[in-house]
Structure formats: structure tokens, C-alpha cells
1. Quote the Stokes-Einstein diffusion coefficient, in whole µm² s⁻¹, for the range A:9-134, based on the Kirkwood radius over alpha carbon pairs, a temperature of 37 °C and a viscosity of 0.692 mPa s.
2. Can you list the HN-Hα couplings for the range B:121-131, worked out from phi with the Karplus curve (6.51, -1.76, 1.60; θ = phi - 60°), rounded to whole Hz and with x for Gly and Pro?
3. So for the pair residue A:99, residue A:4, with labels modelled 7 Å out along Cα→Cβ, what separation do we get in nm?
4. Treating the point 7 Å from Cα along Cα-beta-carbon as the label, what are the nm separations from residue B:100 to the other copies, to one decimal?
5. Which entries in the list A:102/B:68; A:44/A:102; A:44/B:44 go over 24 Å, if you measure between the two C-alpha atoms of each?
6. Just read off the accessible area of residue B:89 with the full protein assembly in place, 1.4 Å probe, to the nearest 10 Å².
7. Mind checking the full-extension length gain between residue B:78 and residue B:172? Use 0.36 nm per residue of separation minus the Cα-Cα distance, one decimal, nm.
8. Using a cut-off of under 19 Å, list every residue of the range A:6-20 whose amide N is near the label point 7 Å from the Cα of residue A:36 along the Cα-to-beta-carbon line.
Number of protein chains: 2
Amino acid sequence: MRDALVAAAFQLFLERGYEQTTVDDIVALAGVGRRSFFRYFPSKEDVVFPDHERCLADMTAFLAASEKDHEPVRRVCDAARLVLLMYAENPSFSVQRYRLTKKVPGLRAYELSVVWRYERALAAYLRGRFADRPDGDLRADVIAAAVVAAHNNALRSWLRSDGQGDAGVAVDHALGYVRSAFDSAPAAPQPLPAQPPAPAPAPIGERPEDVVVVVARRGAPLWRVVQEIETTLAQD
Amino acid sequence: MRDALVAAAFQLFLERGYEQTTVDDIVALAGVGRRSFFRYFPSKEDVVFPDHERCLADMTAFLAASEKDHEPVRRVCDAARLVLLMYAENPSFSVQRYRLTKKVPGLRAYELSVVWRYERALAAYLRGRFADRPDGDLRADVIAAAVVAAHNNALRSWLRSDGQGDAGVAVDHALGYVRSAFDSAPAAPQPLPAQPPAPAPAPIGERPEDVVVVVARRGAPLWRVVQEIETTLAQD
């Protein structure tokens, strides 16, 4: 019955427009009563996004099942892929909905609130993992936002192309960019070298005074240098 | 009259609650007619956020006035600071509104849509600047989202603390983290300075090989160290 309600709703949204379709119209076409509709969907908006609640629950469960040795940024990227899978399950429905959502401000607002909930789920997990790091909450919020933005950039490109091509490859590529910026492969502490620092690969030495010396290859990306510094400072 | 309407609205929102206050109540207290209200505010939500339209316009103008030699990530961080300035202009009003927004789902949704518009303004600028880079749109979207998340992380901490402390310092610190992850200053070789680097405060010396040496006081905040590295790398 749930699927029948979604199908009836979309048929009417496409024929008459979203605003011109009432819940009464939907239940009449589906041949059920109003109470059945509201048993499945709190509002007319919800019938447009029938699977987000399940997907949010899946994501939360996935993150809750994480283990200590899961690299956190990679883990949230994997969690974000669950959203893509939901869209890719039914490309033509996803493309229809994308077009509808672009036209109806109320649905855009609904979608933003759903995206926000995904982002908070990712951030909550990262906040836990980064609890003992300096600026842990800040990192968690920024990385969660970056993961969501990358995922949605690839997802929207795919939807705009009418669901052509491999959305999974595009999303993986986009998430790879975020991982390259934020990935937190641990940088182990290293002793001060006896010789003047060698040109590679980013050893870290400490002086007895209140000073940190970082030596990095000039070509090293800034984020990697920063990571080295942070790791050293955090060891005190 | 605009300020009087905002003041009347907030007085009623705090006394009776947001949902229980109508536009008629607000105009009665302010001593004006309904049409005056709607001349300034399209809806009751808008009176809660009276300055976002101006701030969005300021941000758009600021970005439009950018020059080619503005480093793009730094530029969007500076643009985001305009939002903070708006909040910091009137801390007690901002704190009141933050509490109200947390309690009223409709206002949360409104706020998300405003945040989304800021994010799109930043992303649009970055897309233009990154147009000739591989994955330019992806980078633009991810960096815009990261900047907004960092800004809002610091802003919300400040609002939760009832507007105590220096919000500007907190936001600068948060944005420094984003810049450290994404900043695009080119890394090129530099000439060898005559002396080896002195131990403090964060002088930077270079060797003839492909190496950067940074010496920083251990107590120096990370963003300051990052800034020093960035400055050095950018000097080429």
C-alpha cells in the first residue's frame, strides 16, 4: 500500500503539479482512506521522499557499528554512499523527483532539512572519534559538511544527466577529493635526526626548549605538513 | 518602522511563543497596519531574520568585487566573516534569536534555507575561480560547504555561550582550519637565506634543496603556524 501511495502521488504531481495535488486526490487514486496515507507519511512532503527515514536509520546503524580501527574519514564516506545507493536503486524515480524538487520551494526546504540530518549523523560519529583531538568538534563538522557536499555534487550531476552513467564512480571520485584533503593517516612521532634534516619524507624533530621544528619537502601538500605539526603538538 | 516591527515581534515571541504570535499581534503592538509589515517582511519567518537579505547582498557584492590576485579560499573566508559581523553587531538579539530558532522547527527550516543561499553564493564565486581546474565545481562546492560549516561551528559556540568572548577570534581560528586543508597557494622553490633560522617566534628559513623548515614556539596556536607556512609558500 505504501508503494501504491507513492506511485499515485507521483502520477498526480506530474499531471497536475505538486501544489495542485491534495492528499485527498492521492488517496482517491490509490483507493485507500486518508488515515492509511497518514499512517505511512506524516505529510504530503514525506511522500516525495519515502526512503530517507529508512536511509537515515541505516546510516545511523552503520556508523554505530563502527570499530576503533576504522579510519574515521573513510568511514563517513562509506556511510554517505548509502544515500547514493538509495537514489541509484530506482534511477527514473530519482530523476523525476529531482525535477519536481527543483520546481517546488517547499520540497527544496524539505530536502535541505533531510540533508542537514544526514550531515549531523556523520558529524556526531566524527565528534565521537575526534573527542580527544584539539578542535575535534570543528573538524567533525567541517569534514561532515565536506563529505555531504562532495556526495551531493556527484549525485546532482548524475540526476541532471537523467541518471545516465555510473553514479557510484562519480561519487567515489568526489569523496576521494575530500579524503585527500582530510584523511587522517597517523603520522608517528620520530626522533630528532643527528644530521641536518634530510630532504624527505617529513621527519619531525623536537628541541628541548619550547620549540617545534618541522621539516617538510617543499612539494608536500599543506595539509600533510599541518597534520605532522598537529600530531607533534598533541603529544605533549 | 522596520526596527519597531522587529522589536515588537521579538517581545511577543518571547512572551507568548513564536507559534502563538500572529502578524496581527505584531502590527497591533507596533502600532502600524498589516501592509506596513508586509512591505518590510514577506512572512512572519522573515521578521526573525531581518538582516540576512542585506548580508547576502553584501556578500555577493564583496565577492563580485574580487580581483584576480585574491587567493580564492581566503576570499570566501573573508566573505563568510561578513555573516559573523552581522551577528556580532547585536549580540543579545542574536542570542535571543538563536534560542528561539532552536525551539521552532519552522524557523530551523528557514535558517537552513538561508545558510544554503550563503553557501551557494560562496560556491558560485569559487566555481568561477576554479573554472579552468580539473574538478573545479566539485572543489568549489566542497570548500564552500567547509567554510560555512567552520563559520557556523564557531558562531554556534559563541551563541551557546550567550555571546561571551570574542566571536571573531573563534571564527578566524575555525576558518584557519579550512584554509589549512584547502588553501591553494602554489609551492615553489625559494632562495637560501644567509643565516640558519632563529628559534623564535616562528621565523622560516629554507635550504637549497626542496625543503621548508618551520620553527615555531610550542605554545603557538596551530593556525598561526599554518599561516606562517602559507605565507612562506605564497612568497614564491
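1. Details: Rh = 16.4 Å.
In µm²/s, the coefficient rounds to 200.
2. 5, 5, 5, 4, 4, 5, 4, x, 5, 9, 4
3. 2.7 nm
4. For residue B:100, the inter-copy label distances come out at 3.4 nm.
5. Correct reply: A:102/B:68.
6. Its accessible surface works out to 130 Å², give or take rounding.
7. On the way: separation 94, 0.36 × 94 = 33.84 nm, distance 0.93 nm.
Taking 0.36 nm per residue and subtracting the Cα distance, the gain is 32.9 nm.
8. Answer for the range A:6-20: A:6-13.
The values are calculated or read from the model by the stated rules, or taken from the named source; none is laboratory data. Everything numeric here is computed off the predicted structure, so don't read it as measured data. As a convention, Cβ positions derive from the backbone with ideal geometry for all residues, glycine included, and neighbour counts pool all protein chains shown. These area figures cover heavy atoms from the full protein model, side chains too; ligands, DNA and RNA do not enter into them. Shrake-Rupley method; radii C 1.70, N 1.55, O 1.52, S 1.80 Å.
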